[in-house]
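This report concerns only the one structure given below.
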Amino acid sequence: MTTAIGQPLERVDGRQKVTGTARYSTEIPAPGMAHACVVGARIASGRVTAVDASDVWEEPGVLAVLTHENLPKIAAQPPLVPSLFGGPAPGETFFPMQDDVVHYGGQNIAVVVADTHERAQHAAALLRIDYEESDSVTTIEQGRDQAYEPEAIFAGFLPGRTARGDVEAGLTQADVLVDGTFDFAANNHNSLETSGTTALWDGDELLLYDGTQGVNATQLTVAALLGIPLSKIRVVSHFVGGSFGSKAMIWHHPALAALAARAVGRPVKLALTRAQMFTSSGHREEQEQRLTLGATSDGRLTALRHHKLSPTSPFDDWAEPSLSSAAQMYTCPNYEGVYRLIRANTMTPTFMRGPGDSTGMFALECAMDELAGRIGVDPIELRLRNFADVDPASGHPWSSNGLKECYERGAARFGWYDRDPEPRARREGNWLIGTGMAAAGYPAPPPGTPQRARARLYADGSVVVQAATPEFGTGVATVMTQVAADALGVPVEHCRFEKGDTDFPGIAAAVGSAGAGMISAAVHAATTELREQLIAEAVADSGSPLHGVNPADVLVVDGTMTAGAASETYTDMLRRNHRPDAEASGTWKPPGMDIPYATLTFGAQFAEVAVDPELGLVRVRRMTGAFAPGRVLNPRTVRSQLMGGMLWGLGQALLEANYMDAGTGRWVNSSLGDYLVTVNADAPEVGIELVEVEDTVVNPLGVKGVGEIGQVGANAAIANAVHHATGRRVRKMPITIEDLL
Ligand code: MOS
């Protein structure tokens, strides 16, 4: 029997997306809507000493100027909780405009509201603010001396230090040491849709149209900040134009939009500008990682020491978890991972695609490549010699693995073994040609709370499934029709997925590659419940041909329930009983974090580069990725996610950087002209192999997720290829022209 799951179904909203009729949250009009602009601090540290809005009020259409002098105080700042855990998820434990203190450049210090966007923007530029500036620390270099070791990072969810065995003893035993310091530029998310919120009050009830990875996260956070009941806040977010972590935590603008709308008595839209996306919705922190590998002369790891140093905000101990997958990839008895932080005048860093692992695995996989070269072993062979049969961190078995097959199939498709391992061995005209590979690992984390959905089958056979999740850009709405169709036993064309509304059953924010797994589990639960309910009704119905059969013997195909020779369609049964529809809800309770399994998604990445050594140019000529993401619900959307991740890895390796001007404490590259991301002209041929390994642990359909794994390791494969081409080991991201001259 063919199933809808596994078919390369086209996106149900594809036409809407490409024609622009799919509306982002701030494109939804509201009657009488006013427009708000936020004003960011021009200093990195100090105080606002005076606000002069007289020129602003000279302008036509101005409705409000909100600053710390008149913005109503927030009710409470909720604790920082990663948005996968079902609580409020503020981007930082700081809410602006409560006093005159400036903690970082770009900090929101005023909101100007006017009747049109242009008037608000112009008026906001006329607001005069005087500051008293104090010394700031904004870079690792400035703050190195004051680094501290936090008890925990990542909102308290991960320890600041982990160890197994005796790392010093392991390093002493080693025949070979590889030691390097890796530097990573800060990164910013550059989703097509900038962040924004439209707030509409109706009496004491608030409706928010918000660009968010989780409507429930927005609802919980704004309710806590404003001190209003959850039942009075509805959040709607149908289509999200990319987010990559920037819309995972809930930054200040949704609550500011609500406060502004209350102040002017009209709906207010507050959309961040592109430049404000660099200062008001989080970033991946600048970081330095020192990684030391010890190995025997035949390449077996005896020790891995991995230390990370990075700036965080004045309020939160946040570091992206770079020491996670890298601590689990290889069997290594002696390990030490330590985070160190610097209190800096920046906002709290946040999730950004491949959070943690795309940098941590870069360091590890570049070091493994170096080790392979030092002992003269093929890089894949070295990785196989250190293959982890169980999770070396916990000792638990893997819920599923597939890494060896990723190496095999990736290498075969790429043509890996054609290479001469010697660097600088291949030249085409001015170009030095190199190939490189890296392993990839990314957690398949279970969400912290139950995930819910609701399904309704109408008497005409059409199906609607509802869950609160937005279509966050991956094709989730398409894939959920496939999940519903199979569980109910109906054609996929009959199913529709409604989404993005807190009035629907709750789904945690789609974070950490968990979206498809947790939402499909909820949809599967609801539609399975509905099928069982319909079968139970038929079996109990004296008018049904199925009356009295064992429910367990009933199969449903194409909307027809069949047991042996007896059969009846769902629709016949409902119509005979004068029922317009049947409905069921379903809940998936995640297995929890303390299951006796380790859940990582694995992959292997390969890249070929051409480097012009006189110009320092790097061109990525082709990339191959092989991934074992559990069950593949839709190969078309899965490939698209993985390809996007791999091309992101290219950008991280060669392009993406935001640099801090330490003198002013302000970001330098805050525009799409200065902050480079991969575009079509950079994109090489990308080949993708899907290794489907069954996983019965992570969730009912065995989906481990593809949101991040495509990116992890792609950057290291490119850096390793650059080394192979040139003989230069560049331990940083991005690798720029200067590094190769
Ligand atoms: Mo994703 S970067 O964990 O939102």
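The values are calculated or read from the model by the stated rules, or taken from the named source; none is laboratory data. These figures come from a predicted structure and were not determined experimentally. Virtual Cβ from ideal backbone geometry, glycine too; neighbours counted across all protein chains shown. When the accessible area is computed, the model is the full protein with side chains, heavy atoms only, and any ligands, DNA or RNA have been set aside. Shrake-Rupley method; radii C 1.70, N 1.55, O 1.52, S 1.80 Å.
Brief remarks follow.
- Rg and Dmax [Cα atoms of the chain; Å; Rg one decimal, Dmax integer]: 26.9, 85
- Normalised contact order of the chain, rounded percent, pairs of Cα under 8 Å and 6 or more residues apart: 17 percent
- Hull shadow area, averaged, the stretch 45-162 [alpha-carbon convex hull, nm²]: 10.4 nm²
- Computed over the stretch 449-588, relative contact order equals 35 percent, with contacts defined as Cα pairs under 8 Å that lie 6+ residues apart.
- For the chain, with +1 on Lys and Arg beta carbons and -1 on Asp and Glu, the positive-most of VAL236, ALA467, ALA174 along the dipole: ALA467
- Separation of the ARG128 and TYR417 label points, Cα + 7 Å toward Cβ, nm: 7.6 nm
- For the stretch 536-638: relative contact order, % (alpha-carbon pairs under 8 angstrom, 6 or more apart): 14 percent
- Rounded to the nearest 10 square angstrom, ASP183 shows an accessible area of 70 square angstrom against a 1.4 Å probe.
- Only aspartates and glutamates eight or more places from LYS232 in sequence, or on another chain, were considered; those with a Cα closer than 15 Å are ASP202, ASP204, GLU205, ASP501, ASP503.
- Pairwise FRET efficiency - SER231 versus ASP739, Cβ, R0 = 45 Å, nearest 0.05: 0.20
- Measuring spread by the Cα atoms of the stretch 449-588 yields a radius of gyration and Dmax of 15.3, 49 Å.
- The calculated FRET efficiency for GLN98 paired with ASP52, based on their beta-carbon distance and R0 = 25 Å, is about 0.75.
- Among 463-476, 309-322, 727-740, the order from most to least packed when residues are scored by Cβ within 10 Å on average: 463-476, 309-322, 727-740
- For the chain, a simple Cβ point-charge model (Lys and Arg +1, Asp and Glu -1, everything else neutral) yields a dipole of about 620 debye relative to the Cα centre.
- Dividing the summed helix terms, -39500 (n - 2.57) for each DSSP H run of n ≥ 4, by the number of residues in the chain produces a 222 nm estimate of -7000 deg cm²/dmol to the nearest 500.
- Summarising the overall dimensions of the stretch 1-70 from its C-alpha atoms, the Rg and Dmax are 23.2, 72 angstrom.
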